[in-house]
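All of the numbers you see were taken from the coordinates with simple rules; none came from a lab. On a predicted model such as this, the values are computed, not experimentally measured, just so you know. Methodologically, a virtual Cβ is constructed for each residue, glycine included, from the backbone with ideal geometry; neighbour enumeration extends over all protein chains shown.
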Amino acid sequence: MQISPSILSADFANLQAELEAVKNADWAHVDVMDAHFVPNLTLGLPVVESLLKVSPVPIDCHLMIQDPDRWAPPYAEAGAKSVTFHVEAAHDPVQLARNIRAQGARASMALKPGTPWAPYAELLPELDMVLVMTVEPGFGGQSFMAEQMEKVRAVRESVRRHGGEIWIQVDGGVSAATIEQCAQAGADVFVAGSAVYGAQNAAQAVDELRALATSCVHR
């Protein structure tokens, strides 16, 4: 059970300190938005390159951008250990995943809430992780969409049939109130923004979320 705090909810003026505050996390989740694929603009490759120099945990880049076939591999080349592209934006997801892996990163594919899983299940051999969005991508602080758990269960069943170590990540509205149902549905990587950075103690929030996810699986 891995916790990936989203710096979208962090203090952008003090990102190095905000990363240090969650050094007990498994990943730092970095949302890259281009104001085209989603109606918001965050940060890009130059900022990610700076974060990579100071982050005490590996960087997980979630690219909510147009033309990831062109723009995603450079994030892996820069040193991000996991790079997620949206299948809705990819022209050739198989080749894109291979290009990301060729740069030494884990290749991950994201699905928006309205995107079904079944048409893309055949892509599993090319992937290291599948991200099921539990909010509409583009903004932090949205309410958790519990109906997406059905999709998480479907992805988990596909992974079970396929075999191998493919992670399932959920992103959006993950908190102490929702993380257990995500874990029970089959997720094992959890992106949490305000649940971590909105807490009085971010590191403690990471530990508590991980414990909740772990405990419900081992009951």
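Which one of these does residue 24 not meet: (1) buried (at least 19 other Cβ atoms within 10 Å of the Cβ); (2) in contact (Cβ under 8 Å) with a residue 60 or more places away in the chain; (3) farther than 14 Å from residue 63 by Cβ; (4) not aromatic (Phe, Trp, Tyr)?
So the condition that residue 24 fails would be (1).
Going by what's in this entry, would residue 158 be described as hydroxyl-bearing (Ser, Thr, Tyr), surrounded by 18 or more Cβ atoms within 10 Å (Cβ to Cβ) and outside any helix (DSSP H, G or I)? Don't jump to the end; show me each part of the working.
On the way: hydroxyl-bearing (Ser, Thr, Tyr): yes; surrounded by 18 or more Cβ atoms within 10 Å (Cβ to Cβ): yes; outside any helix (DSSP H, G or I): no.
So residue 158 fails the test.
Could you please give the count of residues in the range 112-129 that are closer than 12 Å to residue 155 by Cα and either surrounded by fewer than 20 Cβ atoms within 10 Å (Cβ to Cβ) or among the small types (Gly, Ala, Ser) (or both)?
9
List the number of the failed condition for residue 174; all other conditions in (1) free of Cβ contacts under 8 Å to residues at least 60 places away in the same chain; (2) touching an Asp or Glu at 6+ places or on another chain (Cβ under 6 Å) hold.
All conditions pass for residue 174, except number (2).
Let's see how each residue does on (1) closer than 18 Å to residue 57 by Cα; (2) out of contact with any strand residue (DSSP E or B) (no Cβ under 8 Å at 6 or more places or on another chain); (3) polar (S, T, N, Q):
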position: 181; (1), (2), (3): no, yes, yes
position: 186; (1), (2), (3): no, no, no
position: 189; (1), (2), (3): yes, no, no
position: 195; (1), (2), (3): no, yes, no
position: 199; (1), (2), (3): no, yes, no
position: 206; (1), (2), (3): yes, no, no
position: 209; (1), (2), (3): yes, no, no
position: 212; (1), (2), (3): no, yes, no
